[in-house]
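Notes for the one structure printed next.
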Amino acid sequence: INVFAQQNIRLNQVGFYPSSEKIAVDVADTSGSFEVLDKNSSLVLKSKIAISTRPALSGKRTGILDFSVLKKPGTYTLKTASGQSYPFTISKDVYMNAGKAAIKAFYYQRASIELTSQYAGKWARKTGHPDNKVLIHSSAADAKRPEGTVVSASRGWYDAGDYNKYIVNSGITMGTLLSLYEDFPAYFKHLDLNIPESKNQLPDILDEVLWNLRWMLAMQDPNDGGVYHKLTNAKFDAMVMPDKSQAEPRYIVQKGTAATLDFAAVCAQAARILKNFDKELPGLSDSCLNASERAWLWAQSNRDVVYDQDKMNKTFQPPIVTGAYGDHSFSDEFNWAAAELYVTTKKQEYISAINLNADLSLPNWAQVNMLAVYSLLRAGAKVKPGVKEKFLQFASNLIKEADQTAYKTVMGQTARDFNWGSSSNAANQGIACINAFLISKDRKYLAYAQSNVDYLLGRNGTGYSYETGVGSKPVMHPHHRPSVADDIIEPIPGLLSGGPNPGMQDGVKVPSLIPDEAFIDDDRAYACNEIAINWNAPLVYLVNALQVLQKQ
Ligand code: 9MR
């Protein structure tokens, strides 16, 4: 098979549910017909290629192949004048593996634990970063915890391709995973991820989340309730395995308003979920709520403590030059923390603290209003009048021109979708569609959510599946220290590459500056091919939610 011709047909390289919409895109053919062949190469369907309503960001139109009428489970390929596609499957459990792998990726990101072959297979590795003796950095020092105080803050997930642990980015990540659990608890009751805790009474996804929650709890200053911004090396490590970078001292830096409120939100949400597991985890739910309310109080009297790393480095030693996650506006973090605290405690003071008058936008590490919206919607339409209507308006805008685009996806309606971590925009758009479906029961939103799964797994401007280990042409060289340093050909599976970003902030030249094609599968290219927990979490949500909903 001619691999170049295979790549002309862009499609979800995993496949489709029997009932879902089935679209592929031919970037070389815009007319004529296409064939669907079964695994014996027998013709099962022949139909016309339609030309896309709008050109792609490249300026070219594409051919749209719609074979939604095909519902019979099996393995197939598509054939056009320009080539033959990778094989794909139609089955009722089609995203089971992709969904589980994306959650399991968090296990591979665990700090402070050895990954044994029983759970990690060929990606077994030694313990990295025990983090039981980290130092209070000068920026975080006070009378009770002077500079150099030794603190234990073990566990947690590595943020991304690097080995540092950042509260702000953990916040949105945890909120997304906990929301997935809250939206579909029955599905997770028996989902086995083959992690060390799989045999206990807790759903595996919660066991995984607990690994990070316990670290987060250790990042709260016990003396005043404020939460430190991050636990980090002074500089990024070389591309080495976790156990090889442990000689570097690790620091806990300055407290901040964003970190404290994100922490408050996560702990409040965790508190209400863990209440159902008080027998298995005595007291943890109460501890979480207590931690959350103390954090909230700290933020009430520290409403505007920015984490400005450059400014910090002018005063404090040693300079810290790892990821900044420096947010400057906190109204959204106040909203999110207040919403989670309200849903958990039903105390009036929290609902009164929520102000969602600003325009809604998709969530990212610096903008978390939408996480407040999701939790308020889940709690019921009456909780905050107007929020439901406002969100449905947002959702209907979000999908407005998706059908006209060259790839027929919600993703990529504008070039602005392609910034650092663009794959997470696709996944978060998909989550918004899922939420729109959950509250409206309008199935068109499921089809739009599906369109972005298709985007992530191959129906896109590069032809890559952005989830490692999934599909026929997955990314193979993500900027991810263990995947680079472990001498194993395949990267760790289930990780989401950041995706196209013409910014080239890493200095690595991408082959094209067309926004949706500005990508290179190169492990030096951290601005387009790193992985990160806040990108993986929405992938986890989207793929697993569809797995639940499309079966119904
Ligand atoms: O995802 C972050 C992106 O929005 C920022 O533009 C970028 C530059 O500040 O940083 C990204 O986050 C990185 C973090 O700072 C350090 N760990 C790796 C993260 C993903 O690249």
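The values are calculated or read from the model by the stated rules, or taken from the named source; none is laboratory data. In this text the structure is predicted, and so the values were computed from the model without any measurement. Because the Cβ atoms are built from the backbone with ideal geometry, glycine has one as well, and the counts that use them run over all protein chains shown. We work out accessible area using only protein heavy atoms, side chains counted, and drop any ligands, DNA or RNA first. Shrake-Rupley method; radii C 1.70, N 1.55, O 1.52, S 1.80 Å.
If you check L341 against the conditions, is it assigned to a helix (DSSP H, G or I) and closer than 18 Å to L289 by Cα?
yes
Tell me which of these L542 doesn't satisfy, since it passes every other one: (1) within 30 Å of A28 (Cβ to Cβ); (2) assigned to a loop (DSSP other than H, G, I, E, B).
Unmet condition: (2).
Of the conditions (1) within 16 Å of the ligand (Cβ to nearest atom); (2) in contact with a strand residue (DSSP E or B) (Cβ under 9 Å, 6 or more places away or on another chain); (3) closer than 19 Å to T260 by Cα, G128 satisfies every one except a single condition; which number is it?
It is condition (3) that G128 fails.
Tally up the residues in segment 375-394 that are open to solvent by 50 Å² or more (accessible area, probe 1.4 Å) and modelled with pLDDT of 95 or more, please.
5
When you go through (1) surrounded by fewer than 22 Cβ atoms within 10 Å (Cβ to Cβ); (2) in contact (Cβ under 8 Å) with a residue 24 or more places away in the chain one by one for T62, which number turns out not to apply?
Going through (1) surrounded by fewer than 22 Cβ atoms within 10 Å (Cβ to Cβ); (2) in contact (Cβ under 8 Å) with a residue 24 or more places away in the chain one by one, T62 breaks only (1).
Looking for whichever is aliphatic (A, V, I, L, M) and in contact with a Leu (Cβ under 6 Å, 6 or more places away or on another chain) here; the options are A339, A353. Which one fits?
It is A339.
Just checking, which of Y448, Y455 is open to solvent by 30 Å² or more (accessible area, probe 1.4 Å), outside any loop (DSSP other than H, G, I, E, B), at pLDDT 95 or above and under 25 Å from V27 (Cβ atoms)?
Residue meeting the stated conditions: Y448.
Which pairs turn up if I take residues in segment 154-165 that are aromatic (F, W, Y) and look for partners that are within 12 Å of the ligand (Cβ to nearest atom) with beta carbon separation below 6 Å, at least 6 apart in sequence or on another chain?
W157/Q109; W157/I533; Y158/Q109; Y163/D237
How about segment 149-175: which of its residues are assigned to a helix (DSSP H, G or I) and more than 14 Å from the ligand (Cβ to nearest atom)?
M174, G175 - these are the residues of segment 149-175 that are assigned to a helix (DSSP H, G or I) and more than 14 Å from the ligand (Cβ to nearest atom).
Considering each of V508, V470, V484 in turn, give the residue that is assigned to a loop (DSSP other than H, G, I, E, B), of a type in the set (A, V, I, L, M), more than 12 Å from the ligand (Cβ to nearest atom) and surrounded by fewer than 22 Cβ atoms within 10 Å (Cβ to Cβ).
V508
Please go through segment 404-430 and pick out each residue that is surrounded by fewer than 18 Cβ atoms within 10 Å (Cβ to Cβ) and assigned to a helix (DSSP H, G or I).
Q404, A415, R416
Of all residues in segment 370-403 being of a type in the set (A, V, I, L, M) and part of a loop (DSSP other than H, G, I, E, B), which is nearest to F330 (Cα to Cα)?
Among them, the one singled out is V383.
If you check every pair at least six apart or on different chains, which have Cβ atoms under 6 Å apart with a residue in segment 227-247 that is farther than 13 Å from S139 by Cβ first and a residue that is open to solvent by 10 Å² or more (accessible area, probe 1.4 Å) and of a type in the set (A, V, I, L, M, F, W, C) second?
Close Cβ pairs satisfying both conditions: K235/V321; M239/V484; M239/A485; V240/A485; M241/A485.
Can you name the number of the only condition in (1) in a helix (DSSP H, G or I); (2) within 14 Å of V14 (Cβ to Cβ); (3) open to solvent by 10 Å² or more (accessible area, probe 1.4 Å) that F437 fails?
Among (1) in a helix (DSSP H, G or I); (2) within 14 Å of V14 (Cβ to Cβ); (3) open to solvent by 10 Å² or more (accessible area, probe 1.4 Å), the lone unmet condition for F437 is (2).
Any idea which of S512, S483 is closer than 18 Å to A238 by Cβ and of a type in the set (S, T, N, Q)?
It is S483.
Mind checking which pairs have a first residue in segment 404-417 that is in contact (Cβ under 8 Å) with a residue 60 or more places away in the chain and a second that is part of a helix (DSSP H, G or I) and of a type in the set (D, E, K, R), Cβ under 6 Å, 6 or more apart or different chains?
So the pair list comes out as G412/D516.
May I ask you to list pairs of residues, at least six apart or on different chains, whose Cβ atoms are under 6 Å apart, with the first in segment 11-29 being over 16 Å from R443 (Cα atoms) and assigned to a loop (DSSP other than H, G, I, E, B) and the second being of a type in the set (S, T, N, Q) and open to solvent by 30 Å² or more (accessible area, probe 1.4 Å)?
Matching pairs, first to second residue: Q13/S472; V27/N8; A28/N8.
Sort through A427, A436 and tell me the only one that's more than 22 Å from A50 (Cα to Cα) and touching a strand residue (DSSP E or B) at 6+ places or on another chain (Cβ under 8 Å).
One residue alone meets the criteria, A427.
Using beta carbons and a limit of 9 Å, which pairs, at least six apart or on different chains, have the first residue in segment 526-540 and near the ligand (Cβ under 10 Å from one of its atoms) and open to solvent by 10 Å² or more (accessible area, probe 1.4 Å) and the second one assigned to a strand (DSSP E or B) and aliphatic (A, V, I, L, M)?
Once the first residue is near the ligand (Cβ under 10 Å from one of its atoms) and open to solvent by 10 Å² or more (accessible area, probe 1.4 Å) and sits in segment 526-540, its partners that are assigned to a strand (DSSP E or B) and aliphatic (A, V, I, L, M) give Y526/A160; E530/A160; N534/A160; W535/A160; W535/L496.
Working only within segment 321-333, note down all residues that are of a type outside the set (S, T, N, Q) and within 12 Å of the ligand (Cβ to nearest atom).
V321, G323, A324, Y325, G326, D327
Would you check which residues across segment 347-369 are under 17 Å from the mean Cα position of the chain (by Cα) and away from the ligand (no atom under 16 Å from the Cβ) and list them?
N369
Only one of these is on the phi > 0 side of the Ramachandran plot and either open to solvent by less than 10 Å² (accessible area, probe 1.4 Å) or at pLDDT below 95 (or both): G161, G83. Name it.
Unique residue meeting the criteria: G83.
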